[in-house]
Amino acid sequence: MQTILGAGGQIAVELARELADSHTTDLRLVSRNPRPVNPSDALAPADLLDAAQTAAAVRGSDTVYFTAGLPADTRLWEARFPTMLENALAATRAAGAAFVYFDNTYMYPQDDRVQTEETPFAPVGPKGRVRAAMASMVLDELARGDIPVLIARAPEFYGPGRTQSFTNALVVERLRAGRRPLVPVRDDRRRTLIWTPDASRALALLGNTPDAFGQTWHLPTSADRPTYREFVATAAAAFGREPAYTVVPNWVLRAGGVLSPRVREIGELLPRYAHDSLFDSGMFRSRFPGFRVTTYAEGLEAIARESS
């Protein structure tokens, strides 16, 4: 039995689909109100803030994937995320299962350095500190050695369905709606984005590869690192639109935080948009040379087809 905790988000939905297609149909989906992705999915309603409910949902599992998400609200992150993860780890330990932790890059330095699995944590802002503390909690569990543990880390998303990210919201969703894309801070800095179906395929592969445990992995991204100027041009071509866009300066985005809670909540991430985003997934590509990464053109064309 493989169990997905936080089964409602885009990564979890695609993970459930990939696990059933390529690895096992013995799946349990856990969230407050789980919905099946595959016909054979078992559903387990549970609140991950409740230790007993989490333990019951995990019981009998061989592998547990933690893909839980929360809205971009600092107070929610600080109040809920560490407890959810602590309950998930305790439940997995009690079940004697393996633990796969899906992570992001909020805890990394927001500068031009190449990000590898060895990059030290240097969080900027409260959400970054929450994610650093959570990753450290998982690393402590890994070092304890009671259960198999791995961390699978992804950079910013772009993708189909309900994929949520700054780039999806400002570029992809605006093109889908026939509006002019907005580029945050600068258009000449290189970006590393991950196609969400690739992230989920790689997560499923790692969770079903015994020697992948005991390590942190960067999930696979395209070797290309387009600037926002290039990304918008590719996206506009996919949607059959002109590649026109507006660069929104840092000060405008910060001023917007006074009026918009959503903009305010991503304020701590703005420094990274002034720098190249150089996320390296060479370790994964070396271990899994047959894994095919979706190109940006392919991904954006798939989103455009979905929208038509």
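The values are calculated or read from the model by the stated rules, or taken from the named source; none is laboratory data. As the structure is a prediction and not an experimental result, all values here were calculated from the model. Here Cβ is always computed from backbone atoms with ideal geometry, including for glycine, and neighbour counts include all displayed protein chains.
Some observations on this one:
- Unmet criterion (only one of (1) in the same structural domain as Val13 (by TED's automatic domain parsing); (2) in a loop (DSSP other than H, G, I, E, B); (3) at negative phi) for Gly214: (3)
- Count of segment 151-163 residues which are out of contact with any Phe, Trp or Tyr (no Cβ under 7 Å at 6 or more places or on another chain) and modelled with pLDDT under 90: 2
- When Ser200, Ser136 are checked against the criterion of being surrounded by 19 or more Cβ atoms within 10 Å (Cβ to Cβ), out of contact with any Ser or Thr (no Cβ under 7 Å at 6 or more places or on another chain) and hydroxyl-bearing (Ser, Thr, Tyr), Ser200 stands alone in meeting it.
- Residues of segment 50-78 that are farther than 15 Å from Thr3 by Cα, of a type in the set (A, V, I, L, M, F, W, C) and more than 20 Å from the chain's Cα centre (by Cα): Ala51, Ala52.
- Pair list, Cβ under 9 Å, 6 or more apart: segment 60-77 residue free of Cβ contacts under 8 Å to residues at least 60 places away in the same chain and closer than 16 Å to Tyr101 by Cα, other residue basic (Lys, Arg) and surrounded by 16 or more Cβ atoms within 10 Å (Cβ to Cβ): Leu70/Arg80
- Any chance Thr167 is surrounded by 16 or more Cβ atoms within 10 Å (Cβ to Cβ) and in a loop (DSSP other than H, G, I, E, B): no
- Residue check, Ala237 modelled with pLDDT of 95 or more, aliphatic (A, V, I, L, M) and surrounded by fewer than 16 Cβ atoms within 10 Å (Cβ to Cβ): yes
- Any chance Asp47 is closer than 22 Å to Glu86 by Cβ and in contact with a helix residue (DSSP H, G or I) (Cβ under 8 Å, 6 or more places away or on another chain): yes
- Yes/no for Arg254 being under 18 Å from the mean Cα position of the chain (by Cα) and outside any loop (DSSP other than H, G, I, E, B): no
- Scoring Glu268 on the criteria (1) closer than 18 Å to Thr196 by Cβ; (2) touching a residue at least 24 places away in the same chain (Cβ under 8 Å); (3) not hydroxyl-bearing (Ser, Thr, Tyr) leaves a single failure, condition (1).
- For Pro148, the requirement of being more than 21 Å from Val248 (Cβ to Cβ), touching a residue at least 60 places away in the same chain (Cβ under 8 Å), out of contact with any strand residue (DSSP E or B) (no Cβ under 8 Å at 6 or more places or on another chain) and crowded, with 17+ Cβ neighbours inside 10 Å is not met.
- Enumeration of residues in segment 183-212 that are over 19 Å from the mean Cα position of the chain (by Cα) and closer than 20 Å to Glu173 by Cα: Val183, Pro184, Val185, Arg186, Asp187
- On inspection, Leu29 does not qualify as at pLDDT 95 or above, touching a Pro at 6+ places or on another chain (Cβ under 6 Å) and not in a helix (DSSP H, G or I).
- Single residue of segment 114-128 satisfying the filter (among the charged types (D, E, K, R) and at pLDDT 95 or above) that is surrounded by the fewest Cβ atoms within 10 Å (Cβ to Cβ): Glu118
- Residue within segment 69-81 that is outside any strand (DSSP E or B), aliphatic (A, V, I, L, M) and buried (at least 20 other Cβ atoms within 10 Å of the Cβ) present: no
- Only one entry in Ala42, Ala46, Ala20 is surrounded by fewer than 16 Cβ atoms within 10 Å (Cβ to Cβ), more than 25 Å from Ser165 (Cα to Cα), aliphatic (A, V, I, L, M) and at pLDDT 95 or above, namely Ala42.
- Number of the exception - Glu173 against (1) among the acidic types (Asp, Glu); (2) surrounded by fewer than 19 Cβ atoms within 10 Å (Cβ to Cβ); (3) in contact (Cβ under 8 Å) with a residue 60 or more places away in the chain: (3)
- Of the listed requirements (1) in a loop (DSSP other than H, G, I, E, B); (2) in contact with a strand residue (DSSP E or B) (Cβ under 7 Å, 6 or more places away or on another chain); (3) surrounded by 21 or more Cβ atoms within 10 Å (Cβ to Cβ), Tyr106 misses just one: (2).
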